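Take a look at the structure set out below.
The values are calculated or read from the model by the stated rules, or taken from the named source; none is laboratory data. Everything numeric in this text was worked out from a predicted model, so none of it was measured. For neighbour counting, all protein chains shown are included, and Cβ atoms are generated from backbone atoms with ideal geometry for every residue, glycine included. The protein model used for the area step is the full one, side chains on, heavy atoms only, and it has no ligands, DNA or RNA in it. Shrake-Rupley method; radii C 1.70, N 1.55, O 1.52, S 1.80 Å.
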Amino acid sequence: MFNLENFLTVTNTINYDNVSENFMELTKQVVNSYFADKAMFKAENFKFYYYDDYVFNTNTSKTNYITLYVEINQPANIKAITDKKFERKVKDDKIKDLHLTLKEIKEGLINEFVQVFDSNTTLWLEKYSINISYNEEIDEKMVNYMLKVIPCFTYKNENDVEGVIYYNDELNAVEIEYPLISIKNIIDKDNSTNGLFYEYLIAFKNIFMQQKKVNNLEFEVFETILYNVPNEFFADRTEKTIMNILNILRNKNLKEYKTIDEQDFAYTSKYKSFSSLYAKHSISQIEKALKKLTVNNKN
């Protein structure tokens with residue numbers, strides 16, 4: 001008999017509220033310092049927000065990342081079409097010709113961060129983010145904080161829905177997402193299922209990690225998969241319910257899966273780097289693990 005409660009362990013190794021508040025203020029200081037001499041940007045052009053409220057409530061990975069978006073509305077940064085000196089390096093009409101590119105902004109911000117952190121800190125650029133690994137001694141124990149800063153530009157789609165756009169250096173591609181909408185949709189889904197969405201999300205993550213013997217998960221894999229299961233299937237905590245959920249996942253065409261923000265299709269989008277193969281693999285690993293559990297329980 002499958003017991004959901006056996007798989008609801010959440011990994012939180014940091015004081016999130018304290019760290020997030022301090023890191024937010026520090027990042028604002030860094031951003032203000034970097035843009036102080038750049039007249040095309042004003043204070044009202046910046047928004048700062050976390051993508052962590054639900055992430056930490058459902059985290060099962062050994063590594064805890066705190067993710068902070070630095071959204072930049074940049075009307076004065078866009079070059080006029082008549083400027084012939086600028087050579088566009090990204091062949092995508094979603095990226096405008098800019099005076100100051102995201103790559104330059106990321107490099108500038110990481111140099112500013114270097115000035116404010118001490119030798120207990122490691123900083124590096126990765127894909128679309130500035131990553132910071134920071135060690136702090138608390139109660140005679142060394143605690144590691146993993147911080148991720150995502151500089152991005154404000155973007156509006158054809159339906160005038162506001163999101164963000166950035167460039168993924170590793171994939172050499174543009175990515176578009178709507179993080180504030182995603183956060184709202186995740187919270188709404190959990191409320192609509194009386195908290196069972198979070199519970200099954202945590203359980204799926206733990207089952208997969210045990211099956212694969214891994215310590216960390218790819219970002220938003222199971223969030224996206226389970227978000228596409230209709231709310232009524234999160235009925236209760238029984239084995240029948242998890243089998244019904246798996247049946248939906250097994251039979252639903254991955255091409256129909258929406259992103260959590262519901263502005264695009266997760267596995268066919270040009271602007272979202274989700275792997276359909278990894279999604280199929282993840283679902284199959286859950287099935288294998290549950291079959292193994294069922295056999296062991298019968299024995």
>> Out of everything in the stretch 133-170 that is over 27 Å from F41 (Cβ atoms) and under 17 Å from the mean Cα position of the chain (by Cα), what residue ends up being surrounded by the fewest Cβ atoms within 10 Å (Cβ to Cβ)?
In response: M146
>> Looking at the stretch 171-199 only, could you name the residues that are polar (S, T, N, Q) and surrounded by 16 or more Cβ atoms within 10 Å (Cβ to Cβ)?
In response: S182, N185, T193
>> Considering only residues that are in a helix (DSSP H, G or I) and at pLDDT below 90, which ones fall in the stretch 7-20?
In response: Y16, D17, N18, V19, S20
> Of all residues in the stretch 10-50, which are of a type in the set (G, A, S) and either closer than 21 Å to I66 by Cβ or touching a Lys or Arg at 6+ places or on another chain (Cβ under 8 Å) (or both)?
Replying inline: S20, S33
>> Restricting to the stretch 241-267, name every residue that is among the β-branched types (V, I, T) and open to solvent by 80 Å² or more (accessible area, probe 1.4 Å).
In response: none
> Does the stretch 34-45 hold any residues that are open to solvent by less than 60 Å² (accessible area, probe 1.4 Å) and part of a helix (DSSP H, G or I), and which are they?
Replying inline: Y34, F35, N45
>> Given the criteria at pLDDT 80 or above, among the aromatic types (F, W, Y) and over 28 Å from I186 (Cβ atoms), does F86 qualify?
In response: no
>> Take the residues in the stretch 117-132 that are open to solvent by 30 Å² or more (accessible area, probe 1.4 Å) and hydrophobic (A, V, I, L, M, F, W, C); name whichever of them is modelled with the lowest pLDDT.
In response: F117
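Yes or no, residue by residue, for (1) open to solvent by 70 Å² or more (accessible area, probe 1.4 Å); (2) modelled with pLDDT under 90; (3) at positive phi; (4) not β-branched (V, I, T):
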residue: N22; (1), (2), (3), (4): yes, yes, no, yes
residue: N32; (1), (2), (3), (4): yes, no, no, yes
residue: K47; (1), (2), (3), (4): yes, no, no, yes
residue: K79; (1), (2), (3), (4): no, yes, no, yes
residue: K94; (1), (2), (3), (4): no, yes, no, yes
>> Please count how many residues of the stretch 171-197 are in a helix (DSSP H, G or I), in contact (Cβ under 8 Å) with a residue 12 or more places away in the chain and within 16 Å of the chain's Cα centre (by Cα).
In response: 8
>> When you scan the stretch 98-105, do you find a residue that is open to solvent by less than 10 Å² (accessible area, probe 1.4 Å) and assigned to a helix (DSSP H, G or I), even just one?
In response: yes
> Across the stretch 61-73, which residue is modelled with the highest pLDDT among those that are open to solvent by 10 Å² or more (accessible area, probe 1.4 Å) and either closer than 15 Å to I183 by Cα or touching a Lys or Arg at 6+ places or on another chain (Cβ under 7 Å) (or both)?
Replying inline: T67
> Which condition number in (1) on the phi < 0 side of the Ramachandran plot; (2) under 17 Å from the mean Cα position of the chain (by Cα); (3) modelled with pLDDT under 95; (4) open to solvent by less than 80 Å² (accessible area, probe 1.4 Å) is the one that E220 fails?
Replying inline: (1)
>> Every residue in the stretch 244-268 that is without any contact (Cβ under 8 Å) to a residue 40 or more places away in the chain and of a type outside the set (D, E, K, R), please.
In response: N244, N247, I248, L249, N251, N253, L254, Y257, F265, Y267, T268
